[in-house]
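A short write-up of the structure that comes next.
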Amino acid sequence: MRLLLDEMHSPTVARALQKAGHDVHAVSNDPLLRGMADAKLLQFAAETSRAIVTENVPDFAVLASQWAANATPHAGIVYTNPNRFNRNTSAYPANLIAALDQFLRQPPVEGHNWVWWLQPPP
């Protein structure tokens, strides 16, 4: 599974996961993707077979519904809760890195058009 980290998440997450052997791209590291509208970002993720990792649930939930209604496939959406992966705490980004590493090593979902709420590791 390949991931695209939405720009609210630190590029440190992508670098750490890349070092662990995962294919993860950070929007914040790509000048062509930074500031891109959510619909275009989901389109890019779909075209590059990447599940998007975001905490922007309101916008991406609407997009996921629209894509499902139109039978348009995407590679998946991983939602992160800002309370569980709080960027203002010392636990971040290590807690997100650990959760995504576990998710990538043992994907609980597969196929297209899935949505998953990421949980911190126990």
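The values are calculated or read from the model by the stated rules, or taken from the named source; none is laboratory data. Predicted model only: the values in this text are computed from it and were never measured. Cβ: placed from backbone, ideal geometry, glycine included. Neighbour counts: every protein chain shown.
Structural remarks
- From the options Ser65, Ser49, residue that is more than 15 Å from the chain's Cα centre (by Cα), of a type in the set (Ser, Thr, Tyr) and surrounded by fewer than 18 Cβ atoms within 10 Å (Cβ to Cβ): Ser65
- Yes/no for Ala71 being free of Cβ contacts under 8 Å to residues at least 24 places away in the same chain and surrounded by 14 or more Cβ atoms within 10 Å (Cβ to Cβ): no
- Count of region 94-114 residues, restricted to those that are touching a helix residue (DSSP H, G or I) at 6+ places or on another chain (Cβ under 8 Å) and either crowded, with 17+ Cβ neighbours inside 10 Å or without any contact (Cβ under 8 Å) to a residue 24 or more places away in the chain (or both), is 5.
- Close pairs (8 angstrom Cβ cut-off, 6 or more residues apart or separate chains): assigned to a loop (DSSP other than H, G, I, E, B) in region 36-62, among the β-branched types (Val, Ile, Thr) anywhere: Met36/Val27; Glu55/Thr80
- Hey, Ala91 of a type in the set (A, V, I, L, M), closer than 16 Å to Gln119 by Cβ, part of a loop (DSSP other than H, G, I, E, B) and without any contact (Cβ under 8 Å) to a residue 40 or more places away in the chain or not: yes
- Residues being touching a helix residue (DSSP H, G or I) at 6+ places or on another chain (Cβ under 8 Å) and farther than 14 Å from Glu7 by Cα - total across region 21-38: 1
- The number of residues in region 13-35 that are outside any loop (DSSP other than H, G, I, E, B) and either under 14 Å from the mean Cα position of the chain (by Cα) or farther than 19 Å from Asn86 by Cβ (or both) comes to 13.
- Test result for Ile77, within 16 Å of Trp117 (Cβ to Cβ), surrounded by 17 or more Cβ atoms within 10 Å (Cβ to Cβ), touching a helix residue (DSSP H, G or I) at 6+ places or on another chain (Cβ under 6 Å) and touching a residue at least 12 places away in the same chain (Cβ under 8 Å): yes
- Scanning region 2-26 for residues that are farther than 15 Å from Leu96 by Cα, in contact (Cβ under 8 Å) with a residue 12 or more places away in the chain and out of contact with any His (no Cβ under 8 Å at 6 or more places or on another chain) returns a single hit, Asp23.
- Only one of the listed residues (Val27, Val53) is farther than 21 Å from Pro120 by Cβ, modelled with pLDDT of 95 or more and among the β-branched types (Val, Ile, Thr). That residue is Val27.
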